[in-house]
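The values are calculated or read from the model by the stated rules, or taken from the named source; none is laboratory data. Keep in mind that what you see is a predicted model, and the values were worked out from it rather than measured. A quick note on method: Cβ atoms are made from the backbone with ideal geometry, for glycine too, and the neighbour counts reach across all protein chains shown.
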Amino acid sequence: MKHKTALALFSGGLDSILAVKLVASLGVRVLAVKFVTPFFDYEVLEDPEKYKQEVMDKYGIEVILHDLSRNYLDLLHNPSHGFGKNFNPCIDCKILMCSRAREMMAEYGASFLISGEVLGQRPMSQRRDTLRVIERDSDNDGLLLRPLSAKLMDPTKAETEGWIDREKLLNFSGRGRSRQIQLAKEYGIMDFPAPAGGCILADPILSTRIEKIYQGDFVIKAEDISVTDIRLLLLGRQFLLPEGAWLVLGRNEKENSTIEGLAEEDDILLYMPHRPGPTALLRGVKTGSSDIDDNADVLQNAAGLVVRYGKKVKEGDSGAVVEFRRTGKIWTSTMQPLSDNLYKSWMFNGSARTKNLK
């Protein structure tokens, strides 16, 4: 029989690694599909080839990267199966990934799909009834093999057609990891990620920032949300200024660099050229022939925050030169730091609301 190819939903966690290794050991060529969004693993897109090589070197697994960002942002408007404890649409997320993986099968000559899901491991998305819903709603009846728990489930096409020996599949269940760790040792895998949620939408603080956009409680309309907006929301210090603009301040050199790289045409970048401090990105200000005059208040507030969070200096010398950059224009102004009691209500840390916006 000619060797079959399978596509694996690959998170990079231990379960997905083991699922790939197990099925590959049974004579199937397995291509691991790693889906990324701004909410999980987006950083691998900074150097895709490096990530692929690292996975190959560590585990001998061939990875395909696929960006699901746009589809995911659309999904968050109204997931059919609702949200988890926070803003995490876990069931619809898995349905989306399984649906896209099924669509990719023809491109890669795959006959079936696999995933590392373990029956009963996660209370929302890995119950028996939920696993069945994921298969059904992703149009993957009989195509989705879960090799770590296969003996506890109905046979899939890969098993009934003889592509996979069902007797060599496993019956893992529950939240314990001792059997996974033992299997990893058998495969010679000693270096694997610690268990973690991984998805920002399950974080109680960061997910609230995202949720407020979709609730219409932000300076950006929900229907206009972009990948860049999401990436900015997950960085640094966040402020919703009373003039209706959004300010993001970097907290370290890495964030400063990332913020600068995310600037778009109408954004304004601010920083202090002569003193260490944050790079700031100001989004949502007016555009026109007299930009500076029209936005005097918001620019002063933004620049005052840049100085406030810059490196402290001796008393009596608290002011600093702030440089502004916007689509080829550069100008400077000497600013004083804002007082703490003035801007505290502008902070957007997950619990803040936009009541100050005009």
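Tabulated data for the structure shown
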| read-out | value |
| --- | --- |
| Ala110 in a helix (DSSP H, G or I) and closer than 15 Å to Ala8 by Cβ | no |
| Filter result for the condition that a residue is touching a residue at least 60 places away in the same chain (Cβ under 8 Å) and not hydrophobic (A, V, I, L, M, F, W, C), over Pro48, Pro38 | Pro38 |
| Exclusive hit being among the β-branched types (Val, Ile, Thr), more than 14 Å from the chain's Cα centre (by Cα), part of a helix (DSSP H, G or I) and in the same structural domain as Ala19 (by TED's automatic domain parsing), set Ile181, Ile213 | Ile181 |
| Residues within segment 253-267 that are outside any loop (DSSP other than H, G, I, E, B) and surrounded by 14 or more Cβ atoms within 10 Å (Cβ to Cβ), tallied | 6 |
| Selected residue (criterion: nearest to Ile200 (Cα to Cα)) from residues of segment 218-252 that are charged (D, E, K, R) and in a helix (DSSP H, G or I) | Arg231 |
| Criterion (over 23 Å from Cys90 (Cα atoms) and within 17 Å of the chain's Cα centre (by Cα)) met by exactly one of Leu262, Leu247, Leu234 | Leu262 |
| Answer from Asp191, Asp141 - the residue that is over 30 Å from Lys85 (Cα atoms) and either in contact with a Ser or Thr (Cβ under 8 Å, 6 or more places away or on another chain) or outside any helix (DSSP H, G or I) (or both) | Asp191 |
| Tabulated pairs, segment 314-342, first more than 12 Å from Leu299 (Cβ to Cβ) and modelled with pLDDT of 85 or more, second acidic (Asp, Glu) and in a strand (DSSP E or B), C-beta under 8 angstrom, 6+ apart or interchain | Ile330/Glu323 |
| Segment 12-41 - residue that is among the hydroxyl-bearing types (Ser, Thr, Tyr) and buried (at least 21 other Cβ atoms within 10 Å of the Cβ) and, of those, nearest to Ser178 (Cα to Cα) | Ser16 |
| Which listed residue is of a type in the set (Ser, Thr, Tyr) and part of a loop (DSSP other than H, G, I, E, B), from Ser99, Ser80 | Ser80 |
| Of the criteria (1) of a type outside the set (Ser, Thr, Tyr); (2) at pLDDT 95 or above; (3) not in a helix (DSSP H, G or I), which one Ala303 fails | (3) |
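One line per residue, one yes/no per condition, for (1) surrounded by fewer than 20 Cβ atoms within 10 Å (Cβ to Cβ); (2) touching a strand residue (DSSP E or B) at 6+ places or on another chain (Cβ under 7 Å); (3) under 20 Å from Ala6 (Cβ atoms):
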{"position": "Ala150", "(1), (2), (3)": "no, no, yes"}
{"position": "Thr156", "(1), (2), (3)": "no, yes, yes"}
{"position": "Glu167", "(1), (2), (3)": "yes, no, yes"}
{"position": "Leu170", "(1), (2), (3)": "yes, no, yes"}
{"position": "Ser178", "(1), (2), (3)": "yes, no, no"}
{"position": "Asp191", "(1), (2), (3)": "yes, no, no"}
{"position": "Ala194", "(1), (2), (3)": "yes, no, no"}
{"position": "Pro204", "(1), (2), (3)": "yes, no, no"}
